[in-house]
Ligand SMILES: C[S@@+](CC[C@H](N)C(=O)[O-])C[C@H]1O[C@@H](n2cnc3c(N)ncnc32)[C@H](O)[C@@H]1O
């Protein structure tokens with residue numbers, strides 16, 4: 001297994017924990033490369049003919065494929081192994097973080113109390129939106145916001161190595177690939193753009209926030225999230241890496257920043273973990289927060305708004321049903337121009353591009369004010 005980038009908050013692992021992580025990594029490789037690809041021939045040989053018999057036609061969409069394929073034993077086996085991988089990954093990550101939670105909280109406290117670069121502002125009264133509290137997102141118990149002790153950082157300590165393991169290292173040593181891809185998109189499409197104030201919404205532990213400190217070294221960078229434990233971890237991680245970022249606990253739907261505070265607003269895999277209603281509200285808040293000529297760009301998982309055959313669309317929708325990501329599929333189906341235009345952005349200024357170059361072609365969505 002390739003090794004993640006080091007920083008002061010990354011939990012150390014002993015021999016047995018490293019062996020378990022290696023196992024989970026190899027298990028995912030096996031499921032991804034050897035088991036899951038077998039679903040397509042099974043679909044063509046067994047499921048498609050059954051749908052043709054039952055409906056008298058080919059499936060029209062991913063829902064019809066799902067309704068039929070879920071009774072097929074090969075798909076049940078493949079889907080169960082994918083789910084098992086997710087559960088194992090969480091279980092390994094949790095056991096590592098829980099064993100060290102006091103030591104990690106202490107380290108974060110030290111880095112916060114002696115900070116020279118990164119700041120943290122928490123709001124214990126901030127309500128957690130229901131789309132976060134109603135599910136354990138991607139099977140992460142308590143999602144990103146649950147505090148298990150005073151000064152807790154375990155959600156961050158689970159999420160950080162978990163992303164590395166889930167992506168099998170493909171997001172880069174610091175899991176920053178999508179941030180780099182959004183930056184690359186900006187540099188290509190807005191050459192010469194030098195934002196003075198940048199906001200990253202839904203920053204979690206700051207994986208994608210950090211690259212902005214290098215890409216725009218003169219900018220003042222803010223990053224918000226609703227989860228306190230991920231923010232404590234994020235601040236300490238950024239501090240240990242010498243990055244100046246102002247973290248605060250805020251809801252992207254209604255922040256306390258003044259109108260026109262930012263000339264660049266970004267997010268990375270935030271939108272698909274919110275809701276249909278929240279997406280509209282977040283776009284309205286982005287419009288309020290941007291200065292004239294400012295740019296908002298939300299990066300998210302690829303293939304949104306791309307036409308695909310019903311089987312391919314079904315394979316991309318697994319997380320909606322089996323990985324605690326209920327909004328994933330709805331976002332696929334949404335007309336993303338509507339939230340931007342209702343927020344006040346001119347139709348011709350809306351950006352929707354499925355080819356922001358990174359480990360995969362990420363989607364970027366947003367608008368210029
Ligand atoms: C997939 S994580 C984001 C990962 C992160 N951007 C990165 O670069 O790795 C989604 C994050 O969005 C946060 N979030 C969800 N809804 C939010 C909202 N309305 N306002 C602020 N943060 C939110 C969650 O707490 C979570 O930390």
Mean residue ellipticity (222 nm) of the chain, computed from DSSP H runs ≥ 4 via -39,500 (n - 2.57), nearest 500: -13000 deg cm²/dmol
Per-peptide average of other Cβ atoms within 10 Å, ordering 126-135, 33-42, 147-156 highest first: 147-156, 126-135, 33-42
Net lengthening on full extension, residue 23/residue 335 (0.36 nm per residue, minus Cα-Cα): 108.2 nm
Peptide ranges 333-346, 252-265, 166-179 listed from the most packed, as the mean C-beta count within 10 angstrom indicates: 166-179, 252-265, 333-346
Simple spin-label estimate for residue 291 and residue 309 in nanometres, 7 Å along Cα-Cβ: 5.1
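Can you put 116, 28, 277 in order, fewest other beta carbons within 10 Å first?
On the way: 116 8, 28 20, 277 13.
Ordered by Cβ neighbours within 10 Å, fewest first: 116, 277, 28.
Do you know the relative contact order of the chain, to the nearest whole percent, from alpha carbon pairs under 8 angstrom that are 6+ apart? Walk me through the intermediate numbers first.
Details: 655 pairs, mean separation 68.5, N = 369.
Across the chain, relative contact order equals 19 percent.
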Packing-based ranking, highest mean first, of 79-90, 46-57, 240-251 given that Cβ atoms within 10 Å are counted: 240-251, 79-90, 46-57
Whole-number D in µm² s⁻¹ for the stretch 1-74, Kirkwood Cα-pair radius fed into Stokes-Einstein, 4 °C, 1.567 mPa s: 83
Order of 311, 43, 25 - criterion: other Cβ atoms within 10 Å of each residue's Cβ, fewest first: 311, 25, 43
The stretch 43-109-the stretch 222-297 distance, computed between alpha-carbon centres (Å): 30
Cβ-Cβ FRET estimate between residue 102 and residue 193, R0 fixed at 45 Å, reported to 0.05: 0.50
Descending semi-axes in Å of the chain, equivalent ellipsoid built from Cα gyration tensor: 34, 28, 17
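Every number in this text was worked out from the coordinates using simple rules, so none of it is lab data. Predicted, not measured: the structure shown is a model, and the values here were computed from it. Note: ideal-geometry Cβ built from the backbone for every residue, glycine included; neighbour counts use all protein chains shown.
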